[in-house]
Structure formats: C-alpha cells, structure tokens
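What follows is a single structure, written as structure tokens, with notes after it.
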Ligand code: GLC
C-alpha cells in the first residue's frame, strides 16, 4: 500500500511537472524556448546601427551634422558589418526637440540638406546592402506645421479637428501632465480660438487628433510617400500615446501618478495600429519597431503576430532601472540591483520566446552613453567594459540596436554647467527643480550620469579639432576625450573596441544560434556575472559577462571541459568559469 501511495504521488508529480513545463505560465522566467518561433525574418537577424544625424558628421561647417556628412561616411558604416541604419528625424523642424517636432513631414530639415541628398543617401545605403529605418513621429507635430498654424487661427479652420481642443467656455480643462512643460501642464491656451490645445510633450509639440479619420488618412498617405521611396521600416515614436479619450475625464486615481501609462491606455490605440497595418504596412516588406510602454502584456499587444500590428518593440523596464523613485532620472547612489536587472531581461526574453519579437539596446538618443551607465568609463576599464557590453547586445535574443559612437567607447561628457546643455527635457526639469527651490547642484550631478545630451555629443572621428566632426562650432560640445577616443586611432589597432564590434557582428552572423537559439539564464544568483546559454539544434554557447570591476567566479553547473572560446575581450579568454574584471567570453560547449 505504502509503495502504491508513493507511486501515485510520484506519477502526479510527473504530470504536474509535465504541465508546468508545457503551459506558458509554467515556464520559469529564466528559461526561454525558441523552438516554436523559428520563423526566420530578415529583421530578426539584423544589427541596427542608430545614427543621430545632428551629431554624426557635418559637411558644411555650420556645426550641425547633415545628410551629406552621413553620405561621406557610408563606407565606414558599411565596414561595421551592420545591416540597417535607423535615422533619427530628418524632416523639416524648428528643432525645439531636435527634430521630434516636425513642421513638414515630406521635406528635409534645412540644416540637414535637401530631398535630393536624402535620395542619394538612401541609394548609397541600398547599394551597400544596408536597409534604412526612418523615425515616424505622429503622436504630435510642430506648432509651426501648416495644419496647426491654420487650426490655431480659427475654430472654423479645416484643420481645427486635426488637434485636441478644450473650449474655454467649458472652464479650465481637466489636468493633463505635460512632459516637457515647465508648469507640467499639457494644455496651452490659444487666444484666437479661445480654447486650449493638448500637448503631451512641449507646447511647441501639439498632439495630433488620431480620433479624426481624416488625420489618420493624411498620416497613412505620408507613410506611403516614404515607403514608396524605398525605405525599409519605421521606428514609431511615442506611438502608445496616439489615442485619447476625448471626453477628457479627470485622470483616473488608479494610475497613481503614472500618467505616461494612462497616456498609453487610449481606447482605440490598437484599432489604429491594426488599421495602419491593413492600409499601409502590410503592403510593404518592412520592419517596424514600437516605442512601447508598460509591462509585458501591453508591449506584447504591438507585436503579437496574430494581431497584425508591428514587428518589434522596445521596452523600458531594463533601461530605466536604477533611478530613485519619484525623481527625474536621479541615479541611486547605492547603484542598481544587478540580480533584479538580470531577472528583468529574463522575464522579457522569455515573453518574446512565446510570441512576438523584442529588441536589445543599452543606449539611444534618449539615454546617456552605455559605457558610463552600464560599464565603467575609467581609463583602466573603458576598453574591456565597452567590449563586454557589446558582447551582451550582440548575444542576447532579440534584434540588436546599437548606438553610434558606442563602437569606439564614447562616454558621457558630464557637463558641469546647465548652459552647456541643449536638451529640452533637461532644461524643463532644471527649471522645475529651480522653481521648487530644489537642490540644483544635486540635480546637475545626477544628470552627469543620466541626461540625454551625454548621448548626443558629436561623433569622434579623429584627433583634429572637434574630433573631425565639424570645421565650425559644434552645436553641442565634443567630448574632450576625442584626442584619444576616436575612430582613426581605433582603425589602426586590431585590439580596439571598434574592431571587437566588427568581430562580434561577424560571429553573430556566422552562428544562427545567437539569433534564433533558445535563451537560458545560468547561475541566476551570481552577483557579478550575467551568464546565459543560447542553444539551437544541439549546439550550445555559454555567454559569460562580468559586470563588475573585480574578479568573479561562476557556478554554472555545466561541464566546461573542452569548452572552446569563440571570442573574448581579453587575450587568452578564460574558459574555466573564472573571470577577470569586466571579462566577456563566449564559449562553445
Ligand atoms: C520619443 C523620442 C524622444 C522625444 C519624444 C517626443 O521618446 O525618442 O527623443 O523627445 O519622443 O517626441
């Protein structure tokens, strides 16, 4: 009797184990099975290189990067081995938010050049086998756009309903948070119409009214204009905010101050994404990436293939990690909880293994430099920690997005004075801290780590004045370390960060396991090392990344005898599970 009892319990255990492993909820957040998603797509295999045109290369000495500048660097871009370039907005713009305030969607920003330059640039990319992503900024436009100029002149303008208005005869509008507004108020009074217009960002960025079908058709027409030129995809800026409850009820208490999430909860958001897919995107072989917001469930809605919306999404949980709560990007002086950070990646990687497709990035134009934020920019560790972060981006599961300048280990400029900054986000927040009598010195110290301008300083090409970026006065100071940290110096050095980036890309291209392979976190509780395996068709790679400036030991539980190092950031990579500071190694088991 006793033994039957145990047998029954044992059998039940096996059944529970079987279901636990096979139901989506049952999978641990540390194991990712890609077996059901071996749906091969070019955009899953791509390495995307992001160019911030304002800061890449100036061709005419006005201190501002431009399209001709990018054209002059196409062979360099090709030499990296990347597959796709994402260009931040290049459309006509008064530049209140550096191109994210568009005054004409079908023209090029004067400082950047002409449409002819764009056509040459696109052809130059395509001739080299490089695809091009454009930024699609359609939650809002510029207050200088002709639609808004007309709309603000009269309630009878045919464009009045292209925007959101609150008539003043109804009293003050219900509070909405303005992200780049000094008063924090997203409504701005307009005298000619005696009404308030809505702007989630700056008052120079009025929100477009997506509830108006005519506006949506205008946007789709504009998207076709660019797609018919042959571009290969869009990065959809602030796309989660496009739909609004136009009764403008009081902000719901359950969002508890998280107004960004409320903005991302518009009633028709996904109806519009599906309409955009039906009417435009489905007609072209293009990739799309959503600047999505919130948790897995929300983000997944954009990329679940069954829903027919977009192809890829970013998420913010990992990149925004380690800031103090209720403060504007103020780094926690205690550092960040590394174990928790690994778990965040595990959770999202696991989710995208079930369906959809994610992206991996450690920096972009809205972030500081990855080396300063996630690595170590001291002279001693700049080199190894840059390479370690590069190994991370190019060995995770998800399309890799790599920010220009990170391939040479550019670091934060860490301005001391507010006058050196250009970014509307920083200047708005500075003004708010000041108005409240807050600690401005502390604010500026925090910004040395987190501000967006750290990631926007010009590209460092060589050791000539201004790093070879411009012969004029650069729009934002060049990091003085250009004298030693620059492309020309690194081209000469086979061990440079730049050449490591190229090797790592070649490795990713030659090992499909790094793209489609299952992903599994190893030694999850290791306080220093991010370790994981990628496996596909019987091949297993073990990726070991020491995120600390001290030596680390692993407990992988794996047999490392005979393991072969495919790449590493030290000469003689470790193969025994002991890692030097910031050591990165990929082992073939
Ligand atoms: C996105 C962009 C950011 C911009 C904002 C408003 O978050 O990435 O640079 O400031 O949208 O358009």
Could you say whether any residue in region 117-132 is within 16 Å of the ligand (Cβ to nearest atom), within 22 Å of residue 286 (Cα to Cα) and assigned to a strand (DSSP E or B)? no
Matching entry among 392, 415 (being more than 16 Å from the ligand (Cβ to nearest atom), assigned to a loop (DSSP other than H, G, I, E, B) and in contact (Cβ under 8 Å) with a residue 60 or more places away in the chain): 415
With the requirement that a residue be within 10 Å of the ligand (Cβ to nearest atom) and out of contact with any helix residue (DSSP H, G or I) (no Cβ under 7 Å at 6 or more places or on another chain), what does region 133-145 give you? 135, 137, 140
Considering only residues of region 267-312 that are within 16 Å of the ligand (Cβ to nearest atom), closer than 21 Å to residue 226 by Cα and without any contact (Cβ under 8 Å) to a residue 60 or more places away in the chain, which is surrounded by the most Cβ atoms within 10 Å (Cβ to Cβ)? 290
Flagged in region 441-461 as within 20 Å of residue 403 (Cβ to Cβ) and surrounded by fewer than 17 Cβ atoms within 10 Å (Cβ to Cβ), in numbering order, are 448
Out of curiosity, is residue 374 surrounded by fewer than 18 Cβ atoms within 10 Å (Cβ to Cβ) and within 30 Å of residue 424 (Cα to Cα)? no
On the basis of being over 22 Å from the mean Cα position of the chain (by Cα), under 28 Å from residue 217 (Cα atoms) and not in a loop (DSSP other than H, G, I, E, B), does residue 111 make the cut? no
List pairs: first in region 91-105 and within 15 Å of residue 134 (Cβ to Cβ), second within 11 Å of the ligand (Cβ to nearest atom) and not in a loop (DSSP other than H, G, I, E, B), Cβ under 7 Å, 6+ apart or cross-chain? 100/137; 100/237; 102/137
Just the residues that are assigned to a loop (DSSP other than H, G, I, E, B) and either touching a residue at least 40 places away in the same chain (Cβ under 8 Å) or under 23 Å from the mean Cα position of the chain (by Cα) (or both), please, taken from region 241-256. 242, 243, 244, 246, 248, 249, 250, 251
Which condition number does residue 148 fail, the rest of (1) touching a strand residue (DSSP E or B) at 6+ places or on another chain (Cβ under 9 Å); (2) within 16 Å of the ligand (Cβ to nearest atom); (3) farther than 21 Å from residue 458 by Cα; (4) part of a loop (DSSP other than H, G, I, E, B) being met? (4)
Filtering region 181-217 for residues that are without any contact (Cβ under 8 Å) to a residue 40 or more places away in the chain and assigned to a helix (DSSP H, G or I) leaves a count of 3
Does region 185-194 hold any residues that are crowded, with 22+ Cβ neighbours inside 10 Å and more than 16 Å from the ligand (Cβ to nearest atom), and which are they? 187
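Quick grid of which residues meet (1) over 14 Å from residue 530 (Cβ atoms); (2) at pLDDT 95 or above:
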residue	(1), (2)
545	no, yes
552	no, yes
557	yes, no
562	yes, no
565	yes, yes
568	yes, yes
576	yes, no
580	yes, yes
Please determine, by comparing only the residues of region 218-240 that are within 16 Å of the ligand (Cβ to nearest atom) and in a helix (DSSP H, G or I), which one is nearest to residue 84 (Cα to Cα). 239
Residue 98 - would you say it is within 16 Å of the ligand (Cβ to nearest atom) and either crowded, with 23+ Cβ neighbours inside 10 Å or under 26 Å from residue 240 (Cα atoms) (or both)? yes
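The values are calculated or read from the model by the stated rules, or taken from the named source; none is laboratory data. Bear in mind that the values here come from a model prediction, so they are computed numbers and not experimental data. Note: ideal-geometry Cβ built from the backbone for every residue, glycine included; neighbour counts use all protein chains shown.
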